Amino acid sequence: MASGFIDLRSDTVTQPTRAMREAMASAEVGDDLYGEDPTVNYLEDIFAARVGKEAAVYVPSGTMANQIAIRMQAPAGSVVIASRRSHVVVHEAGAAALNAGIQFLLGDEEDDGQLAAGLVEWGIEAAEHHQPEPSLLCLENTYMPASGAPWDLAEMQGVVAAARAGALKVHLDGARLFNAEAATGTTAAAYSAEADTVMCCLSKGLCAPVGSVLAGTEEDMARARGERQRLGGGMRQAGVIAAAGVVALERMVDRLPEDHARARRLADAVAERWPDAGCDPDKVRTNIVTWRHVDTPSVLSHFESEGIRAGTIAPGVLRLVTHNDIDDECIERAAKAISSAP
């Protein structure tokens, strides 16, 4: 990579492709706050079609997309049901409590992060016993803390059915939704059909320099534009960056299996070096590898000395993420660094 390091901290570190830079340089633009940016409008249209929704809204970040969805669908004082380690719970700086005035119901999750329908049913019944009433179910696909585990559609449908029985809304945090599609063969539209709203980050594995898209009904997306404005996300000639998002959706999805294969190679190396660290290569199906270590600073320092950048997601939990800027030679160098790590 340009820095001289092999950067495996996240797939957000990707550089925009040449095609993206060319599209950005020649993008037709207008004022998006007035709905007059043709490139933004096109991006929103193709994303909505890809996930089978009526409309979409382009926003600066995945966190903003999630926060808009929660603000729209979860009244203040209500409960949002989510996986214990999900992004909306632990990686958005407590935003849901501040922005929407909600609280979370967090149950014990499976190793792959998939919630059980029983938790949803319990939360709904608990409201009959003077406990806060649930309003929204948030699902994350892929589930980052469990090495990017993709949801099984039938299992997702079971959990959603429990939510629908209690009249809950459903939001799908699909930050890496197309990784799930590539890994399982289940289309993004099939996953999204289970949710009222769905978002995807264009700036992760799809290489766009900035931006996410939130989709749902036309009525909900009209409301979402108002919430975007309240959160400071109104943009003007945003077609300059939306053009990269168009390239991301149209050209970068089909290559995601390459990242998945390379992540599996890293998982094999991790499991060989630390067999009891909770990394099962057979469960690494997308582009993320996570594992436990009692001394993460020493591992990170070792990696740095070998020209490898890794990250952490929790105390004692390390992460490596493959992406477009990582090739097979990078993977072999990283695997060698893993084999000699403390």
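The values are calculated or read from the model by the stated rules, or taken from the named source; none is laboratory data. All values derive from a computational prediction rather than experimental measurement. Note that each Cβ is placed from the backbone with ideal geometry, even for glycine, and that neighbours are counted across all protein chains shown.
Looking across region 131-146, just one residue is more than 12 Å from the chain's Cα centre (by Cα) and hydroxyl-bearing (S, T, Y), and that is S135.
Here I68 meets the list (1) aliphatic (A, V, I, L, M); (2) part of a helix (DSSP H, G or I); (3) over 17 Å from the mean Cα position of the chain (by Cα) almost entirely, failing just condition (3).
Got at least one residue in region 38-52 being surrounded by fewer than 24 Cβ atoms within 10 Å (Cβ to Cβ), farther than 26 Å from A162 by Cα and among the hydroxyl-bearing types (S, T, Y)? Scanning region 38-52 turns up at least one residue that is surrounded by fewer than 24 Cβ atoms within 10 Å (Cβ to Cβ), farther than 26 Å from A162 by Cα and among the hydroxyl-bearing types (S, T, Y). Only one of the listed residues (R285, R292) is surrounded by fewer than 22 Cβ atoms within 10 Å (Cβ to Cβ) and outside the structural domain of D112 (by TED's automatic domain parsing). That residue is R292. Hey, any hits in region 35-50 for a residue that's farther than 30 Å from F303 by Cα, polar (S, T, N, Q) and either in contact with a Gly (Cβ under 6 Å, 6 or more places away or on another chain) or not assigned by TED's automatic domain parsing to the domain that holds F178 (or both)? Yes - at least one qualifying residue is present in region 35-50. Residues in region 204-227 that are closer than 16 Å to A56 by Cβ, of a type outside the set (A, V, I, L, M) and surrounded by fewer than 24 Cβ atoms within 10 Å (Cβ to Cβ): T217, E218, E219, D220, R223, R225, G226, E227. The residue that is surrounded by the most Cβ atoms within 10 Å (Cβ to Cβ), counting only those in region 305-319 that are free of Cβ contacts under 8 Å to residues at least 40 places away in the same chain and among the small types (G, A, S), is G316.
Residue count for region 245-265 under the criterion of being within 18 Å of the chain's Cα centre (by Cα) and among the charged types (D, E, K, R): the result is 3. The C-beta contact set for region 219-233 (first residue assigned by TED's automatic domain parsing to the domain that holds A100, second residue in a helix (DSSP H, G or I) and surrounded by fewer than 19 Cβ atoms within 10 Å (Cβ to Cβ), distance under 7 angstrom, 6+ apart or interchain) is empty. Check region 161-182 and report whether any residue there is over 26 Å from I313 (Cβ atoms), assigned by TED's automatic domain parsing to the domain that holds G52 and among the basic types (K, R). Looking for residues that are over 26 Å from I313 (Cβ atoms), assigned by TED's automatic domain parsing to the domain that holds G52 and among the basic types (K, R), one finds at least one in region 161-182, hence yes.
Within region 1-13, identify whether any single residue is surrounded by 15 or more Cβ atoms within 10 Å (Cβ to Cβ), of a type in the set (S, T, N, Q), touching a strand residue (DSSP E or B) at 6+ places or on another chain (Cβ under 9 Å) and part of a loop (DSSP other than H, G, I, E, B), and answer yes or no. Yes, the conditions are met somewhere in region 1-13. Considering only residues of region 65-85 that are among the aliphatic types (A, V, I, L, M) and within 13 Å of C200 (Cβ to Cβ), which is surrounded by the most Cβ atoms within 10 Å (Cβ to Cβ)? Within region 65-85, the match that is surrounded by the most Cβ atoms within 10 Å (Cβ to Cβ) is A65. Of all residues in region 170-180, exactly one satisfies the criterion of being buried (at least 24 other Cβ atoms within 10 Å of the Cβ) and more than 12 Å from the chain's Cα centre (by Cα), namely H171. A search for C-beta distances below 7 Å between a residue of region 48-66 that is touching a residue at least 24 places away in the same chain (Cβ under 8 Å) and any residue that is basic (K, R) and surrounded by fewer than 22 Cβ atoms within 10 Å (Cβ to Cβ), counting only pairs 6+ apart in sequence or on different chains, returns V57/R225.
For region 88-129, a residue qualifies if it is assigned to a loop (DSSP other than H, G, I, E, B) and at pLDDT 95 or above, and the qualifying residues are H91, E92, A93, G94, G101, I102. Summed over region 130-162, the residues that are part of a helix (DSSP H, G or I) and more than 18 Å from I70 (Cα to Cα) give a count of 12. Taken over region 235-255, the criterion of being of a type outside the set (S, T, N, Q) and either in contact with an Asp or Glu (Cβ under 8 Å, 6 or more places away or on another chain) or farther than 30 Å from R50 by Cα (or both) is satisfied by M235, R236, A238, G239, A242, V253.
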